[in-house]
Structure formats: C-alpha cells, structure tokens
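Worksheet: one structure, shown below.
The values are calculated or read from the model by the stated rules, or taken from the named source; none is laboratory data. Owing to the predicted nature of the structure, the values given are computational and were not obtained by experimental measurement. Glycine gets a Cβ as well: all are built from the backbone with ideal geometry, and neighbour counts include every protein chain shown. All accessible areas refer to the heavy atoms of the entire protein, side chains included, with ligands and DNA or RNA removed. Shrake-Rupley method; radii C 1.70, N 1.55, O 1.52, S 1.80 Å.
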Amino acid sequence: MSGNGFLAVDWGTTNRRAYRIVGGDVVATEQDGLGVRSIGVGGFPGEVDALRQRHAGLPVLLAGMVGSNRGWMDTGYVEPSVTLADLATAVARPADDVVIVPGVKRIANGRADVMRGEEVQLLGAAAAGMTPPNALLCQPGTHCKWAWLNNGALADFVTAMTGEMFDLLKNHALIGQEMIGRVSADAAFRAGVAESARADLLASLFGIRSASLLGLRDRTDMASYASGLLIGADCRAHGGAGDVHLLADPGLGSLYSCAIEELGGSVRMIDSQAAFVAGAIRLWELL
C-alpha cells in the first residue's frame, strides 16, 4: 500500500464520490453521476484506472454498490456484530492496488436486510468519536438506515423504504396529485408526524385524498403532511423517541430532526462525509 496516500471512493447506485487522502487528510475530492447503473458490463476496471490516473496512480479503496452483484464484483457480506477490522479482513481484491469493502447482512426473525457503503460511515463515526460507542444512528435517504452500535461495533440495523415510498406516492399514486407544495418541517409536517401515532398508516395516507376533496387541508400542505406521516411512522418504529445520531444532508436532516423532537427525542447531527473518510482511513490502516 502506498505511503503517498490513497483514494477512498463511496460508489453508489447513481453517484460516485472520491476522496484523495494523504497523511490522514483529504487533499482533493471529486463527485460525479457515474453510479453503478451508469457503468456498462466490463466497464469498471477502465473507470477505476481513469480515476486513479487523475490522482497520481494512487491505490484505491472502494465501498458501496460497486461491491454488489450490479457492480464490479459481488464481495459478499459479513454479519453483525461487525467492526472495521472485520470489514478489512473480508475485502475483495479485483486488481492490483484495488480493494472493495464487503457489505453487511442481517437475517433475523424471518426478515433479511443488507447494506453497502453505509457500514463505512456508521463505523467510521464511532471510530472517530463522533458518536459514543453505544448509540442509535439514523441515515435518512431513499432507503433510510437505522443502526445500533454496541461497544463501537455495528450490532444491528434495519432499512426502511421511507424516501422511496414518498417518491412512489407522489409520482404514481392517486394521492400524488394532491401532494403539491414544498416539503419542509412546518405545521403540516408536524401534523403528519402526530397522525402517524394512529398506527394505521395506509388509512392515514388515503386521508390525504379525502381531506383535499372535503377542503379540510390546503393542497399546498399535502406534500409536507405526507412526508410527516411517513417519517413519523419510520421514527416511531425504530426508536426515534430517544437519542439519535443523524447522518443526513441539511434538507432531510431538518425533517428527521423535527420528527424526532416531536416524538420527544433528541438529535445530534453527524457529518456523513467526514464519517466516511474516518472509516476509510481506519480501514486503510488495518489493511
């Protein structure tokens, strides 16, 4: 492994972000839309070579969907309880000076779950002291991750289709025509969070249509209200009434913070990019 640094790449389904790390510091970054969906069959070696050429030929650590059955190669999964040392032991090496981090799987009580890429951020946050060793972490997004750390290890996690469900409802469901207006942590959003206490989410969602027809709620509030319903249900189901360490961008972070606080919980914001870098650096040290 090079003493001149390395590249850490968070390679997702639709986006790719690379960090050039030298001496423990990020000295350059680049981001593009070349997610794994954009790479044709057999195209990953060339894309990685091109990336390395732009960064002095440094060795590279890849994480995320690049290690899935839709990426360069399927690196498999490790199972909780997981540490960064466990991930380092199980990396794949598809080419010289290239390593790919495995994913994490969980099978319990008849339910299966997986993650790829988030494990580096979650464990990186713990390794860098951004969270206590025992903590509940939430990483909102298209597929929201909730993770429980125990003594700094990833002990358990669950994935919720919160963001994807909002998108499907807005763009493909009958109630979608009512879901206009900007989503924000406003009174309509908080009303949706409160409504999620009914534990009858499907009926509450149809109520968006009914409330619009009967003039009970302004259509411009409906997107925020629907978001509050979904995020409220997500947070109630996964411990959001307690102390939550949130790895999120400002937009989603404000929504989840509002929902968690409405439920009586507290939030500490974590820089997800800094957490990924911390996890990558520790993995590189272990390698």
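For this structure, a couple of remarks:
- Computed accessible area, L205, all protein chains, 1.4 angstrom probe, square angstrom: 20
- Shape of region 7-86, Cα gyration tensor, a/c cut at 1.5: oblate
- Accessible area (Å², 1.4 Å probe, nearest 10) - M165: 70
- Of all DSSP-defined beta bridges confined to region 32-145, some 60% are antiparallel rather than parallel.
- Antiparallel bridges, percent of DSSP beta bridges restricted to the chain (to nearest 5): 65
- Accessible surface area normalised per residue over region 32-140 is 43 Å², counting heavy atoms of protein chains with a 1.4 Å rolling probe.
- Its DSSP H runs of at least 4 residues, each contributing -39,500 (n - 2.57), put the calculated 222 nm mean residue ellipticity of the chain at -11000 deg cm²/dmol, to the nearest 500.
- Length-normalised contact order for region 23-127 - Cα pairs under 8 Å, 6+ apart - percent: 23
- In the chain, Cα pairs under 8 Å separated by at least six residues give a relative contact order of 16 percent.
- Were the residues from A194 through I107 laid out at 0.36 nm apart, the gain over their Cα-Cα distance would be 28.1 nm.
- Cα gyration tensor shape for region 163-234, rounded if a/c is under 1.5, else prolate or oblate: rounded
- Region 162-275: relative contact order in percent, alpha carbon pairs under 8 Å with at least 6 residues between: 29
- Computed from label points 7 Å out along Cα-Cβ, the spacing between M269 and N69 is 3.9 nm.
- Residues in region 103-113 carry Karplus couplings, in order, of x, 10, 10, 9, 10, 7, 6, x, 10, 10, 8 Hz; the curve used is 6.51 cos²θ - 1.76 cosθ + 1.60 with θ = phi - 60°, and Gly or Pro positions show x.
- Surface composition of the chain: carbon and sulfur make up 49 percent of the accessible area, probe 1.4 Å.
- Extended-chain gain in nm, criterion 0.36 nm per residue less alpha-carbon gap, H172 and R219: 15.2 nm
- In this rough spin-label picture, where each label sits 7 Å from Cα along the Cβ direction, the D243-A155 distance is 1.4 nm.
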